[in-house]
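See structure below.
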Amino acid sequence: MTIAIGRARAHTNIALIKYWGKRDKTLFLPMNSSLSLTLDAFYTDTKVTFDSDFTEDSFFLNGLDQPIEEVEKITSFLDLFREDFQVGMKAKVESFNFVPTAAGLASSASAYAALSMAINQALGLDMDRSRLSTYARRGSGSSTRSLFGGFVEWDKGHSSETSMAYPVDDADWDIGMLVVVVNSQKKK
């Protein structure tokens with residue numbers, strides 16, 4: 001039996017300059033570069049366990065086994081790494097959102113950023129965060145920016161390899177953002 005485990009935390013971000021759509025929907029390449037501010041208060045913690053004894057992927061969010069359509073999204077994302085790094089093991093993904101899920105507060109950004117970092121750790125890939133952002137964006141475009149703190153730019157790049165995020169400023173200033181959750185239900 002082979003087991004590889006990775007854990008990570010990623011924070012949500014709020015776009016200050018939005019990327020306004022994708023020029024390539026398969027590779028999640030944005031129409032334009034974007035800028036965001038990472039939020040300290042909202043985050044996702046993720047643990048990924050690759051195990052040679054697993055026969056299928058599983059996904060738990062906030063302790064609840066997720067429906068097949070959500071597992072399929074996670075499987076597609078895991079497959080990016082499995083294909084590029086010749087990994088044959090299935091995985092169990094356990095995520096906890098400390099932000100309302102699917103309520104417009106970038107929970108998918110923190111979720112895929114945390115999952116990317118956990119996979120990177122579990123598989124010992126040692127990718128720097130800018131390179132890792134080229135994978136993270138395939139789960140959620142905005143997740144590229146959730147790999148870093150402070151102000152972050154997602155450079156639209158010219159290809160899948162060059163469309164990546166990098167930190168602009170650590171935002172260690174006297175700055176704040178007020179977020180008021182008026183409805184924590186999923187967006188319709």
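Looking only at residues that are of a type in the set (Val, Ile, Thr) and surrounded by fewer than 19 Cβ atoms within 10 Å (Cβ to Cβ) in the stretch 17-47, which one is nearest to residue 80 (Cα to Cα)? Residue satisfying both the conditions and the ranking: 26. Could we say that residue 104 is closer than 25 Å to residue 33 by Cβ, modelled with pLDDT under 95 and in contact with an Asp or Glu (Cβ under 6 Å, 6 or more places away or on another chain) here? Against the criterion (closer than 25 Å to residue 33 by Cβ, modelled with pLDDT under 95 and in contact with an Asp or Glu (Cβ under 6 Å, 6 or more places away or on another chain)), residue 104 does not qualify.
Once the stretch 162-188 is narrowed to residues that are part of a loop (DSSP other than H, G, I, E, B) and at pLDDT 95 or above, the residue that is nearest to residue 114 (Cα to Cα) is 163. Going through the stretch 145-167 one residue at a time, which ones are buried (at least 23 other Cβ atoms within 10 Å of the Cβ) and among the basic types (Lys, Arg)? Within the stretch 145-167, just 145 meets the criteria.
Across the stretch 1-50, the number of residues qualifying as under 16 Å from the mean Cα position of the chain (by Cα) and of a type in the set (Phe, Trp, Tyr) comes to 3. Among the residues making up the stretch 133-161, a single one is of a type in the set (Ser, Thr, Tyr), closer than 17 Å to residue 42 by Cα and part of a loop (DSSP other than H, G, I, E, B): 140. Every listed requirement among (1) under 20 Å from residue 81 (Cα atoms); (2) β-branched (Val, Ile, Thr); (3) surrounded by fewer than 19 Cβ atoms within 10 Å (Cβ to Cβ) is met by residue 14 save one, (1).
Hey, any hits in the stretch 115-132 for a residue that's crowded, with 16+ Cβ neighbours inside 10 Å, charged (D, E, K, R) and modelled with pLDDT of 95 or more? There is at least one residue in the stretch 115-132 that is crowded, with 16+ Cβ neighbours inside 10 Å, charged (D, E, K, R) and modelled with pLDDT of 95 or more. Of all residues in the stretch 48-69, those being under 23 Å from residue 1 (Cβ atoms), in contact with a helix residue (DSSP H, G or I) (Cβ under 9 Å, 6 or more places away or on another chain) and surrounded by 15 or more Cβ atoms within 10 Å (Cβ to Cβ) number 6. Which pairs turn up if I take residues in the stretch 5-30 that are hydroxyl-bearing (Ser, Thr, Tyr) and look for partners that are assigned to a strand (DSSP E or B) with beta carbon separation below 6 Å, at least 6 apart in sequence or on another chain? Going by the 6 Å Cβ cut-off, the qualifying pairs are 12/39; 12/42; 19/30; 19/34.
The values are calculated or read from the model by the stated rules, or taken from the named source; none is laboratory data. Keep in mind the model is a prediction, meaning the values are calculated, not measured. We place every Cβ from the backbone using ideal geometry, glycine too, and count neighbours over all the protein chains shown.
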